[in-house]
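For reference, the structure discussed in these notes is given below.
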Amino acid sequence: MTQTIFPVIKLANGVRYEIDADKARLDLAIIHGFLVRSHWAKGIPLSIVERAIENSLVLGLYRDGRQIGFARIVSDRATFAYLADVFVLPPERGRRLGRWLVETALKHPELRGLRRWLLGTRDAQGLYAQCGFRAPAPPFAFMERLDAGVYDQAPPLPRRGRKPGRLLAASG
């Protein structure tokens, strides 16, 4: 059995906030609606979001039971993790919820003792620096292979054994 710390609960000004790793609680309409308009995943098809969630550890951020944020972690659970798709909906920003979400991801019981965490950001360096992230020291550099038009192509065929549009109800 996997050790868990979830859900993590915070009460602030009479409002109940939760971070939970339960994939069954995720609101795919909220997640896809945000990501499809984001600068890093613009145009991403729902089927790709579903597959990304199925194959990642995820955290949902909730206010009084309604999803207001999300983070996804891709990891080998031994040495490395990549923090991706982190967001808090605009009306909920300014309450340090993004920092709480990232700090909670870093404490995930399945990710203890990792040597390296990575992420990419265009405009949230300040947030991530508060959580211990830094630009890699020279001469270390990252490289990428980007297919910027991949979401403009025909959607992939559904995988065998799974109905399209259904998310597995497993805990992350």
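Only the coordinates and a few stated rules stand behind these numbers; no lab work does. A quick note: this is a predicted structure, and the numbers were derived from the prediction, not measured. We place every Cβ from the backbone using ideal geometry, glycine too, and count neighbours over all the protein chains shown.
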Residue set VAL8, VAL15; condition in contact with a strand residue (DSSP E or B) (Cβ under 7 Å, 6 or more places away or on another chain), of a type outside the set (Asp, Glu) and more than 27 Å from GLU110 (Cα to Cα); output residue VAL15
Note on ILE53: of the conditions (1) touching a residue at least 40 places away in the same chain (Cβ under 8 Å); (2) surrounded by fewer than 13 Cβ atoms within 10 Å (Cβ to Cβ); (3) under 20 Å from LEU83 (Cβ atoms); (4) not charged (D, E, K, R), unmet is (2)
Residues in segment 117-144 that are assigned to a helix (DSSP H, G or I) and out of contact with any strand residue (DSSP E or B) (no Cβ under 9 Å at 6 or more places or on another chain) total 4
Quiz item: Can we say ILE30 is buried (at least 18 other Cβ atoms within 10 Å of the Cβ), of a type in the set (Val, Ile, Thr), in contact (Cβ under 8 Å) with a residue 40 or more places away in the chain and farther than 20 Å from LEU118 by Cα?
Solution: no
When every residue in segment 11-27 that is in contact (Cβ under 8 Å) with a residue 40 or more places away in the chain and not charged (D, E, K, R) is compared, the one nearest to ILE73 (Cα to Cα) is ALA21
ALA24 fails exactly one of (1) in contact with a Ser or Thr (Cβ under 8 Å, 6 or more places away or on another chain); (2) crowded, with 18+ Cβ neighbours inside 10 Å, namely (2)
Yes/no for PHE80 being within 17 Å of TYR151 (Cβ to Cβ) and in contact with a strand residue (DSSP E or B) (Cβ under 8 Å, 6 or more places away or on another chain): no
The lone condition LEU97 fails out of (1) in contact with a Leu (Cβ under 9 Å, 6 or more places away or on another chain); (2) within 25 Å of ALA148 (Cβ to Cβ) is (2)
How many residues of segment 57-116 are without any contact (Cβ under 8 Å) to a residue 60 or more places away in the chain, surrounded by 14 or more Cβ atoms within 10 Å (Cβ to Cβ) and not in a loop (DSSP other than H, G, I, E, B)? The answer is 30
Here the residues within segment 33-44 that are in a loop (DSSP other than H, G, I, E, B) and in contact (Cβ under 8 Å) with a residue 40 or more places away in the chain are SER38, HIS39, TRP40, ALA41, LYS42, GLY43, ILE44
Next on the checklist: Against the definition (under 26 Å from VAL150 (Cα atoms), touching a residue at least 40 places away in the same chain (Cβ under 8 Å) and under 11 Å from the mean Cα position of the chain (by Cα)), how does SER47 come out, yes or no?
Outcome noted: no
